[in-house]
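A.B. asks: Provided herewith is a single structure, encoded as structure tokens, for subsequent inquiry.
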């Protein structure tokens, strides 16, 4: 088994990559603008749907049920698809999927294929495999085309070229399409794309697609899109190959009634996207006469063993969590080093690879919960992020070097200190002494060594001379000396006293600095 | 090529193994069906909205996503279509087999999906056709969607894709309020090719703004005919 997710194995850790992205003010402006537009649109159309919460719940419940019986539903899908004239192939990992697809393409003597947006093909690095085999993949989704022509990487699940603004896209088109002139309006760009690809749509005989849903009870496949490039790839070629992650299966045709409401509203903020295509096997006299489905595992089955991890596979790839995420909105998608960016990428990429790569991603979050709130299938992303952070730490600690590294030792000590009052009090005294050289005006500035991470972007409040525990002890002593007071008055005194104590702490801190 | 048979067995075995680790037993077909039936679906299936409201909503939502809507009486369909063609200075149109002949406009050259040898038109020939006129299977008011199942009167999928203008006739009795009702309408034909169309081709890929017109038809005209 060699699970691979895009180029994650060689990508730099998130904080390093994010540092670079944050320096690029044009990129930050583009990402900010695009995500603001889409969040506002999404907000409006979600507001319109009075039963939104019920739809989310149903979307979640259907996926949860499906994944609990994934083997059964996949076999149902396979049987029905093949009965309708399709051929189903199975791939354990990226290499196996690539080799199945290449084998099929060689059999059809392909030199070119037209592709409709498939994240899964990016996951397995299909384009590189095709190019190595001298087969030209032609991306037909506008954003994917921008990425391909500009030799760039996708930065968003739904809008891969979200980090490019109109002027930058125009430059790429002028340069790569061999145009003499091109207007500056958005429609000038879409017209250019229409003209550029029309010839290929009419001529190329093999299409390659992903799938939004594989329908078990009919054996059908559903692709959701906007531009019509999907319909072109799904309809005009004689051969169609569809790459489907095994988690994309849904039990019934009827279930589309839920997802065809939640997906478009979440993805592009539309009540419905312009086109949804559903086809089942081969249809005589209509569309491709050779149809292959490649069902891909590539690490997905590893997430089935745990109730929480399994939720990751509920994802319908709408991208709403990216747009809602305060971290993604600052850094854009490239910093995640994976074709799956944002909060969903932060839980999906490391898990697909059994936590071997993308290990910094579960930390790329402030755990604010915005992703969970907008998720149309209610994936508890914040809880999963914490769960995966735990996994990263436990894997690290499982080696001797890991167990002896300073952070790990410090955390073990902290864990003991929080369990014992005497150790805690002693540690506090020690810290009060240790902080002395770094305290200025009651605040701790930049710290050296492994503590540096805490103070890199903000100052910390110094540990006060007088802790609450100390104050409480003194207060109780004083109260007992004065012979005790009624409960009501005592409470008032205590709150007055704590205000005084708080203000004296500030003064002390200040005088200390 | 990789050995797909062993891959199939391996993936299925791995799924079963991991699910068993999570204490999820394999179930019989009957148990599976029963569990599926128990999934709560408390979302709206569409209320019995009054007909006027429904058609008003359908029209408003179609127009909101750049479709052009014309209302017609049952004997005014041909004229309404003629009006849409005239507005585009179009004198020819592709019409699939099974489209009601009484709806065909006068003075317009009707093209068929057939070449001199009686074969379907090739892609290049189809690309030379500007307008196609079809019926539909259902309309969804809330989302401004029309559904094709590519049966008689609707043509194979390419016919409503390659030409730049798509004019379709929707009978008022075909319009439902919600997506669940729309899906229900086509459920019996679920294994036919199906296309949901909501407005003309568009993209949101440039600065997240819906821009009309990329590869599919850039004009969608809907004739809404008051007829059962």
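Only the coordinates and a few stated rules stand behind these numbers; no lab work does. Given the structure is predicted, the values throughout are model-derived calculations rather than measurements. We place every Cβ from the backbone using ideal geometry, glycine too, and count neighbours over all the protein chains shown.
A.B. asks: Want the number for residue A:476 to residue A:373: 0.36 nm per residue separation, take away the alpha-carbon distance, what's left?
C.D. replies: Numbers: separation 103, 0.36 × 103 = 37.08 nm, distance 4.55 nm.
Gain on stretching residue A:476 to residue A:373: 32.5 nm.
A.B. asks: Same structure, new question: For chain B, modelled as a GNM with alpha-carbon contacts under 10 angstrom, which of B:109, B:31, B:177 fluctuates the most?
C.D. replies: Comparing B:109, B:31, B:177 in a Gaussian network model of chain B, the most mobile one is B:31.
A.B. asks: Given R₀ = 22 Å, what would the calculated FRET efficiency be for residue A:284 paired with residue B:97, taking r from the Cβ atoms and rounding to 0.05? Please list the in-between numbers first.
C.D. replies: Values: r = 15 Å, r/R0 = 0.67.
Computed FRET efficiency for residue A:284 and residue B:97 comes out at 0.90.
A.B. asks: Report the Cα-based extents of the range B:51-226 along its three principal axes, largest first, to the nearest Å.
C.D. replies: 46, 43, 36
A.B. asks: Right, next: Under 8 Å for C-alpha pairs, at least 6 residues apart: give me the relative contact order for the range A:379-456, rounded to a whole percent. Display every interim value, and only then the final one.
C.D. replies: Numbers: 26 pairs, mean separation 9.1, N = 78.
Over the range A:379-456, the number comes to 12 percent.
A.B. asks: Given the DSSP H assignment, sum -39500 (n - 2.57) over each helix run of at least 4 residues in chain A and divide by its residue total; what's the result at 222 nm in deg cm²/dmol, nearest 500?
C.D. replies: On the way: 24 runs with 269 residues, N = 513.
-16000 deg cm²/dmol, from helical runs alone.
A.B. asks: Taking a ≥ b ≥ c as the square roots of the eigenvalues of the Cα gyration tensor of the range A:260-308, is the shape rounded (a/c under 1.5), prolate (a/b larger than b/c) or oblate? Kindly include the intermediate steps, with their values, before the conclusion.
C.D. replies: Numbers: a/c = 3.70, a/b = 1.17, b/c = 3.15.
Because a/c hits 1.5 or more and a/b fails to exceed b/c, the range A:260-308 counts as oblate.
A.B. asks: If I take the Cα coordinates of the range A:313-403 and project them onto the principal axes, what are the three extents in Å, biggest first?
C.D. replies: Projected onto its principal axes, the Cα set of the range A:313-403 covers 41, 24, 22 Å.
A.B. asks: Just the number: Rg to Rh for the range B:12-111, Cα atoms, Kirkwood Rh, two decimals. Before the final figure, lay out each step's value.
C.D. replies: On the way: Rg = 25.7 Å, Rh = 19.4 Å.
When Rh is taken as the Kirkwood radius, the ratio is 1.32.
A.B. asks: Over all pairs of distinct alpha carbons, what does the Kirkwood formula give as the hydrodynamic radius of the range A:12-100, in Å? Intermediate values should be presented prior to the final figure.
C.D. replies: Numbers: mean 1/r = 0.0546 Å⁻¹.
Its Kirkwood hydrodynamic radius stands at 18.3 Å.
A.B. asks: Relative contact order for the range A:296-414: what is it in percent, counting Cα pairs under 8 Å that are at least 6 residues apart? Let's see the in-between values first.
C.D. replies: Values: 130 pairs, mean separation 27.6, N = 119.
Computed over the range A:296-414, the figure is 23 percent.
A.B. asks: Based on Cα coordinates alone, diagonalise the gyration tensor for the range A:133-261, multiply each eigenvalue by 5, take square roots, and list the semi-axes in whole Å, largest first.
C.D. replies: Numbers: eigenvalues 179, 59, 36 Å².
Over the Cα atoms of the range A:133-261, the ellipsoid semi-axes are 30, 17, 13 Å.
A.B. asks: Normalising by the residue count of chain A, find the relative contact order in percent from Cα pairs under 8 Å and 6+ residues apart.
C.D. replies: On the way: 825 pairs, mean separation 98.8, N = 513.
About 19 percent, as a whole number.
A.B. asks: Let me ask something else about it. How far, in nm, would the chain grow between residue B:5 and residue B:26 when pulled straight, counting 0.36 nm per residue and subtracting the alpha carbon separation? Provide the component values of the computation, followed by the final result.
C.D. replies: Values: separation 21, 0.36 × 21 = 7.56 nm, distance 2.15 nm.
So the chain would gain 5.4 nm between residue B:5 and residue B:26.
A.B. asks: What share of the DSSP beta bridges in the range B:51-226 is antiparallel, in percent to the nearest 5? Walk me through the numbers before you get to the answer.
C.D. replies: Working: 8 of 32 bridges.
If we restrict to bridges inside the range B:51-226, about 25 percent are antiparallel.
A.B. asks: Turning to a different aspect of this structure: Starting from the Cα of residue A:458, move 7 Å in the Cα-to-Cβ direction to define the label point; list residues of the range A:334-366 whose amide nitrogen is under 20 Å from there.
C.D. replies: Within reach of a label on residue A:458: A:362-366.
A.B. asks: Another question, then. Only Cα pairs within less than 10 Å get springs; with that Gaussian network setup on chain B, which residue of B:39, B:167, B:211 has the largest fluctuation?
C.D. replies: Among B:39, B:167, B:211, the largest GNM mean-square fluctuation belongs to B:39.
A.B. asks: When all alpha-carbon pairs of the range A:190-311 are counted, what percent fall beyond 20 Å?
C.D. replies: Details: 3801 of 7381 pairs.
Percentage above 20 Å: 51.
A.B. asks: Measuring from centroid to centroid over Cα atoms, what is the spacing of the range A:189-211 and the range B:36-81 in Å?
C.D. replies: 32 Å
A.B. asks: Rounded to the nearest 10 degrees, what's the angle between the helix B:4-21 long axis and the longest principal axis of chain B, both from Cα atoms, 0 to 90?
C.D. replies: Result, in degrees: 60.
A.B. asks: Quick one: if you stick a label point 7 Å off each Cα along the C-beta vector at residue A:398 and residue A:199, how many nm between them?
C.D. replies: 5.5 nm
A.B. asks: So for the range A:331-481, considering every pair of alpha-carbon atoms, how many percent are separated by more than 26 Å? Numbers along the way, then the final one.
C.D. replies: On the way: 5496 of 11325 pairs.
Percent of Cα pairs beyond 26 Å in the range A:331-481: 49.
A.B. asks: Treating the Cα atoms of chain A as identical point scatterers in vacuum, please give the log10 of the normalised Debye intensity I(q)/I(0) at q = 0.08, 0.10 Å⁻¹, two decimals.
C.D. replies: Each listed q maps to, in turn, -0.61, -0.85.
A.B. asks: Same structure, new question: Would you mind computing, in nm to one decimal, how far apart the modelled labels at residue A:7 and residue A:23 are, each placed 7 Å from Cα along Cα→Cβ?
C.D. replies: Rounded to a tenth, the inter-label distance reads 1.7 nm.
A.B. asks: Counting just the Cα atoms, what span does the range B:71-155 cover along each of its three principal axes? Round to the nearest Å and put the largest first.
C.D. replies: 41, 29, 21
A.B. asks: Pop a pseudo-label 7 angstrom from the Cα along the beta-carbon direction at both residue B:104 and residue B:119 and give the gap in nm to one decimal.
C.D. replies: So the label points at residue B:104 and residue B:119 sit 2.5 nm apart.
A.B. asks: Rounded to the nearest 5, what % of the DSSP beta bridges within chain A are antiparallel ones?
C.D. replies: DSSP beta bridges in chain A are roughly 35 percent antiparallel.
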